[in-house]
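Worksheet: the structure to be examined is printed underneath.
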Amino acid sequence: MQANIIGAGTAIVMVLAFGHEPVIIGVTVMIIIAGILGLKLDASTIPIAVVTVIIIMGRLETIILFCLPPSGLP
């Protein structure tokens, strides 16, 4: 739960400060991973925090594109 809150808070700050660029999302994910390991939280929470960052920082059309099955809508 703590990792998810850290991920969401960092994602919101980064998207408001720098935008939705893929490089910024990557930097945010690296910050989240370093923060979780630095605080000695359980490493199994890293994927949940990363998914939270991607959902918050990702654009809607990107999320829809990746969520569609390969044989989805044309």
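The values are calculated or read from the model by the stated rules, or taken from the named source; none is laboratory data. Quick caveat: nothing in here was measured; it's all calculated off a predicted structure. All Cβ positions, even for glycine, are placed from backbone atoms using ideal geometry, and neighbour counts span all protein chains on display.
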Name the pairs whose Cβ atoms lie under 7 Å apart, with the first residue in region 1-27 and under 13 Å from VAL50 (Cα atoms), the second among the small types (Gly, Ala, Ser) and assigned to a helix (DSSP H, G or I), and 6 or more positions between them or separate chains?
ALA3/ALA49; ASN4/ALA49; ILE6/GLY35; ILE6/ALA49; GLY7/ALA49
Check GLY26, GLY35 and return the single one that is surrounded by 11 or more Cβ atoms within 10 Å (Cβ to Cβ), at pLDDT 85 or above, touching a Ser or Thr at 6+ places or on another chain (Cβ under 8 Å) and assigned to a helix (DSSP H, G or I).
GLY35
